[in-house]
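S.K.: A single structure is presented below for examination.
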Amino acid sequence: MPGVKDAPSINPYILKQRENYKRKEYSVEEIAKGVLDGNRTFLSKAITLVESNREDHNDLAQSILEKILPHAGKSIRIGITGVPGVGKSTFIEGFGSFLLSQGYKLAVLAIDPSSQRTKGSILGDKTRMEVLAKSPNAFIRPSPSSGSLGGVARKTRESMYLCEAAGFDVIIIETVGVGQSETQVHSMVDFFLLLMLAGAGDELQGIKRGIMEMADLIAINKADGPNEPYATRARSEYESALHLFPPAESKWTPRATVCSGLGGKGLPEIWNLISDYKNTTQENGYFESNRKQQTKLWFDETLQEAVLNRFFEKQGMTEELKSSEDLVMNGKSSVLKEIKRLMADTNKI
C-alpha cells in the first residue's frame, strides 16, 4: 500500500497569504499621536525604532522623539538595581502591584544581559511579572543590554521619554545587575533604589563607595520567613555604612530598610520614602537641576556616539584599521603610534 502522502508542515493557504501580506507603514505623525494617546502598540513600535541600528529607523525615531519630548518629564523615574538573584523582578511585581492599587500607571523597562558569545538575550524578566503583564495600567518592555556597560541598554533613556509621553506616572528601570560598577542608571533617574541580600556586606561597604554611594535607599529584600532576623541585622549594618558617606547634593539622607517583594512587606514604606524624596528635592530645587544635568549628559553621550560613528563610517577607514591592526598584532608598530596616525587626519571625523 502506498500510504498517505505527508502533509506539508505549513498550511499552503497561510504561505499564499504571507506572500500577499504587506505590513502597513505608519508615518511619524501617526506613531507620535498613538504614543501620546497611550496606545501600547504604537508605544512598542516607537521603542523598537529607537532601539534599532538601522539608519532609516534612527531618523524616524529622532523625528518621533522631537514630537513627544514636550509631553515627557511628568513622571517619577526610579532605577532599581542589585546583584543577580537579589529578586529585582519579583520585587517590581510586588511593588508595581501596590502602585497599581493606588491608582498609578506604571511602565517597567527591564534590561536583560546579552551573551558575549552569541549576542542573544533571553528577555525573560517579564515572566516573573504576571500581574503587571495582565494589567491595562502597566507596560513592561524587556530590552537587551547589547554589550552596553553600566547595567542599562543603549537607548533606555529615549524609551523612558516615550513611556512618559504615553501617560505613565511611574517609570521603573530594572538594570542588568552587574555589581559595584552599575552606576549608569543613576544618570537617568530621579530615585536610585539598591536591593541587597542579608549577609552580602557590612560597614566596610561604606568605605568602598561605588554603587552604594549613589543609592538613595538600600532595601534588604527577601526579609521573610527564617531570613527575616538576618535581614533586620543587615539593615543595621548598612545604616552604619551610610553614615560614612559625605552629605549628598540633594540634601537627602539615604536610608536602609527591609522588604519582601514576594510577601509585600515594607513596600508601602518604600513608596512613602520615594514620595518624601521627591517632595524634599522639589522644594530645594535639586529635582529640576538634576534633570537638567541628566539632559546635558544625554547630549554629551549622543555627541560622542555620533563622532565615533562618523569616524568608523569614513570611506576607506575599514582598510586603514585592518592595516593598523596587522602592524600592532605583528609587533611592527605600537598601539599608541597607530592610533595617533589614524587620528592625525581630522577630516576622518
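S.K.: Leaving ligands, DNA and RNA out of it, rank SER52, SER101 by accessible area with a 1.4 Å probe, largest first.
M.R.: Details: SER52 20, SER101 85 Å².
Descending order: SER101, SER52.
S.K.: Regarding the range 58-116, what's the average projected area of the Cα-atom convex hull, expressed in nm²?
M.R.: Numbers: hull surface 25.6 nm².
Over all viewing directions, the range 58-116 projects a mean Cα-hull area of 6.4 nm².
S.K.: Moving on. Ordering GLU338, GLU313 from largest to smallest accessible area (1.4 angstrom probe), what's the sequence? Present the calculation step by step, with values, prior to reporting the outcome.
M.R.: Details: GLU338 10, GLU313 135 Å².
Reading off the accessible areas and sorting them downward yields GLU313, GLU338.
S.K.: Averaging over every viewing direction, what projected area does the convex hull of the Cα atoms of the range 204-304 cover, in nm²? Please list the in-between numbers first.
M.R.: Values: hull surface 32.2 nm².
Its Cα hull, projected and averaged over all orientations, spans 8.0 nm².
S.K.: Lys/Arg Cβ at +1, Asp/Glu Cβ at -1, dipole of the range 297-338 taken about the Cα centre: which of PHE299, GLN315, SER334 is farthest positive-ward?
M.R.: SER334
S.K.: Can you tell me how much longer the chain between LYS292 and PHE311 gets when fully stretched, taken as 0.36 nm per residue apart minus their C-alpha distance, in nm with one decimal? Don't jump to the answer; show the numbers that get you there.
M.R.: Details: separation 19, 0.36 × 19 = 6.84 nm, distance 2.89 nm.
Length gained between LYS292 and PHE311: 3.9 nm.
S.K.: Using +1 on the beta carbon of Lys and Arg, -1 on that of Asp and Glu, and nothing else charged, what's the dipole of the range 229-349 about the Cα centre, debye to 20?
M.R.: Values: 17 positive and 17 negative charges, 26 e Å.
That gives a dipole near 120 debye.
S.K.: With a 1.4 Å probe and all protein chains kept in place, how do THR41, THR232, THR156 rank by accessible area, largest first? Mind dumping the intermediate values first?
M.R.: Working: THR41 80, THR232 55, THR156 5 Å².
From most accessible down to least: THR41, THR232, THR156.
S.K.: Ignoring ligands and nucleic acids, what accessible area does ASP190 show with a 1.4 Å probe (Å², nearest 10)?
M.R.: 10
S.K.: Taking 7 Å along the Cα-to-C-beta vector as the label spot, tell me the GLU25-LYS126 distance in nanometres, rounded to one decimal.
M.R.: Those two pseudo-labels are separated by 2.7 nm.
S.K.: List the aspartates and glutamates whose Cα lies under 13 Å from the Cα of LYS314, skipping any in the same chain that are fewer than 8 positions away.
M.R.: ASP345
S.K.: Quick one: work out Rg over Rh on the C-alpha atoms of the range 247-349, Rh as Kirkwood radius. The partial results should precede the final answer.
M.R.: Values: Rg = 24.8 Å, Rh = 18.8 Å.
Here Rg/Rh amounts to 1.32.
S.K.: In this model, which of LYS45/LYS278; LYS105/LYS222; LYS251/LYS296; LYS222/LYS292; LYS126/LYS222; LYS126/LYS292 are farther than 29 Å apart at the alpha-carbon? It would help to have the intermediate numbers written out before the result.
M.R.: Details: LYS45/LYS278 31 Å; LYS105/LYS222 25 Å; LYS251/LYS296 22 Å; LYS222/LYS292 36 Å; LYS126/LYS222 20 Å; LYS126/LYS292 32 Å.
Flagged as over cut-off: LYS45/LYS278; LYS222/LYS292; LYS126/LYS292.
S.K.: Search the structure for amide H atoms under 5 Å from the amide H of ALA110, placed 1.01 Å from N in the peptide plane, and list their residues when 5 or more places away or on another chain.
M.R.: Amide H to amide H, under 5 Å and 5 or more residues apart or across chains, ALA110 pairs with ARG141, SER143, GLU174.
S.K.: What dipole magnitude, in Debye to the nearest 20, does the range 296-338 give about its Cα centre under +1 on Lys/Arg Cβ and -1 on Asp/Glu Cβ?
M.R.: Numbers: 6 positive and 9 negative charges, 26 e Å.
It comes to approximately 120 debye.
S.K.: Also: Any idea of PHE98's accessible area? Nearest 10 Å², probe 1.4 Å.
M.R.: Its heavy atoms expose roughly 40 Å² to the probe.
S.K.: Okay, next question. Can you compute the modelled spin-label distance between PHE299 and GLN62, with each label point 7 Å from Cα toward Cβ, in nm?
M.R.: That separation, rounded to one decimal, is 1.6 nm.
S.K.: Could I have the simple spin-label model distance between SER44 and SER323, label points 7 Å from Cα toward Cβ, reported in nm to one decimal?
M.R.: 4.9
S.K.: Continuing with the same structure: For the range 225-277, compute Rg over Rh where Rg is the Cα radius of gyration and Rh is the Kirkwood radius from the inverse mean 1/r over Cα pairs. Please report the intermediate quantities before stating the final value.
M.R.: Numbers: Rg = 12.7 Å, Rh = 12.5 Å.
Over the Cα atoms of the range 225-277, Rg/Rh equals 1.02.
The values are calculated or read from the model by the stated rules, or taken from the named source; none is laboratory data. Small disclaimer: the values here were computed from a predicted structure and weren't measured. FYI the Cβ positions are ideal-geometry reconstructions off the backbone, even for glycines, and counts take in every protein chain you see. Note: accessible area is taken over every heavy atom of the protein model, side chains too, but ligands, DNA and RNA are not part of it. Shrake-Rupley method; radii C 1.70, N 1.55, O 1.52, S 1.80 Å.
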